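The values are calculated or read from the model by the stated rules, or taken from the named source; none is laboratory data. Please read all numbers here as calculations on a predicted model, not as lab measurements. So basically every Cβ, Gly included, is an ideal-geometry build from the backbone, and we count neighbours across all protein chains shown.
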Amino acid sequence: MNLMDWGECRRQFIRTVTPDKEKINSILDTVSKRKKFVENQQVSKDNVSFIIEGYYEIIKELLVAILLKNGLKSKNHQCLISYFYRKHSDREFETNLISEMSYLRNRLNYYGEAVDISFYEKNKEEIMKIILFLLLLVKE
């Protein structure tokens, strides 16, 4: 697993903030709307990259909410993933999948590389489980 070092995250990209329930609820509202939008799309090889990008954005937003709930804010997406793994080291598979989704999203955004539909087909159920788990963490 190739995660950013949490110590480096703490030094360079993480700051302490006051937990903000209103902001967390706003993030949850956005997540709900984005999730509904993504799930209503008919997945094809032409749009699967954007579906994966949408699911990654949902996961990223939930990780932002989890940090915020715990009084932290990150300037770096990779530190969101490192924080998740630091708190849930028993979730190595999930961490790897989130990290892979981040990589694929970046390849799409910066290099125009499409996501293969087989990635979606292979990982759709696990992506849904990750989203549900993160929602539980935000709401607990």
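Couple of notes before you dig in:
- For segment 108-140, filtering for residues that are acidic (Asp, Glu) and either touching a Pro at 6+ places or on another chain (Cβ under 9 Å) or not in a loop (DSSP other than H, G, I, E, B) (or both) leaves 3.
- Unmet criterion (only one of (1) buried (at least 19 other Cβ atoms within 10 Å of the Cβ); (2) without any contact (Cβ under 8 Å) to a residue 40 or more places away in the chain; (3) under 22 Å from Pro19 (Cβ atoms); (4) not β-branched (Val, Ile, Thr)) for Glu94: (3)
- Selection count where residues are assigned to a loop (DSSP other than H, G, I, E, B) and surrounded by 12 or more Cβ atoms within 10 Å (Cβ to Cβ), scope segment 29-62: 4
- Every condition in (1) modelled with pLDDT of 95 or more; (2) surrounded by 14 or more Cβ atoms within 10 Å (Cβ to Cβ) holds for Met128 except the one numbered (2).
- The one condition in (1) buried (at least 19 other Cβ atoms within 10 Å of the Cβ); (2) in contact (Cβ under 8 Å) with a residue 60 or more places away in the chain; (3) aliphatic (A, V, I, L, M); (4) under 28 Å from Ser118 (Cβ atoms) that Leu3 fails to fulfil: (1)
- Out of Asn109, Asn123, sole residue that is of a type outside the set (D, E, K, R) and either closer than 16 Å to Glu39 by Cβ or touching a His at 6+ places or on another chain (Cβ under 6 Å) (or both): Asn123
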